[in-house]
1. Within a 10 angstrom radius of the beta carbon, how do Tyr18, Tyr65 rank from fewest other beta carbons to most?
2. Dipole of the range 5-162 (Lys/Arg Cβ +1, Asp/Glu Cβ -1, origin at the Cα centre): which of Phe108, Ala127, Tyr40 lies farthest to the positive side?
3. Under unit Cβ charges (Lys, Arg +1; Asp, Glu -1), what dipole magnitude, rounded to 20 debye, does the chain have relative to its Cα centre?
4. In terms of the ratio Rg/(2.2 N^0.38 Å) built on C-alpha atoms, what value belongs to the range 5-162?
5. If packing is taken as the average number of other Cβ atoms within 10 Å across a peptide's residues, how do 116-124, 91-99, 45-53 rank, most packed first?
6. Whole angstrom only: what separates the Cα centroid of the range 36-69 from the Cα centroid of the range 1-25?
7. Extending each Cα 7 Å along its Cβ direction at Leu89 and Arg104, get the distance between those two points in nm, one decimal.
8. In debye, nearest 20: dipole of the range 20-108 around its Cα centre with unit charges on the Cβ of K, R (+) and D, E (-)?
Amino acid sequence: MPVDAETAFQVQQVTNKYSHGVDHGDFELVASCFDPEGGYIENVGLPEGSPNGGRRVGRDNIVKYVAGSFGACRGHCRHWIGLTVLEDLGDGKVRQKGYCTVYRAGVFPNVGPYLSGEFVDVLQKTATGEYVFLNRQFRVDPGPIGPADDVLITKFDAAAAKW
């Protein structure tokens with residue numbers, strides 16, 4: 001079932017707050033986006049053994065993970081979220097599905113698309129009327145396909161080597 005405009009706006013705001021928190025190292029802002037009783041964030045589709053893969057449960061572990069990711073990008077990443085679809089799950093819960101592309105800002109050649117994928121979130125409306133994430137799952141797209149000398153392939157391979 002679709003959601004109303006106010007719910008859609010609130011879900012968009014918490015998603016934007018999370019992205020800005022991740023991109024700018026505001027870990028308290030990131031923590032505020034999650035259910036204080038727990039919740040999880042999970043990345044799937046990364047190479048086996050990747051430090052960014054797997055599930056982090058609870059606010060403290062989520063913030064620790066985000067802090068590590070921020071350290072790798074040092075504030076040069078920008079999360080672009082789009083084409084989201086919202087579904088009312090009842091009992092104050094909303095499912096959000098969409099796409100995310102992470103760009104690395106800076107000076108050539110270390111700029112451009114860093115990674116992309118699809119995400120599925122479940123959010124809960126709190127007693128104060130705000131939404132928070134119960135869980136976030138990000139499925140990373142496979143690496144780009146193209147000739148070995150393609151600049152995006154070269155950048156992807158260099159980034160993947162750091163995972």
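1. Ordered by Cβ neighbours within 10 Å, fewest first: Tyr65, Tyr18.
2. Projecting each Cα onto the dipole axis, the largest value belongs to Phe108.
3. The calculated dipole for the chain is roughly 380 debye.
4. Against the empirical 2.2 N^0.38 Å value, I get 1.06 for the range 5-162.
5. 116-124, 91-99, 45-53
6. What the calculation gives is 19 Å, centre to centre.
7. Distance between the two pseudo-spin positions: 3.4 nm.
8. Charge dipole, the range 20-108, about its Cα centre: 340 debye, nearest 20.
Read-outs throughout are calculated quantities, based only on the coordinates presented, and are distinct from any laboratory measurement. As the structure is a computational prediction, the values presented were derived from the model and not from experiment. Cβ sites come from the backbone with ideal geometry, for glycine too, and all protein chains shown count toward neighbours.
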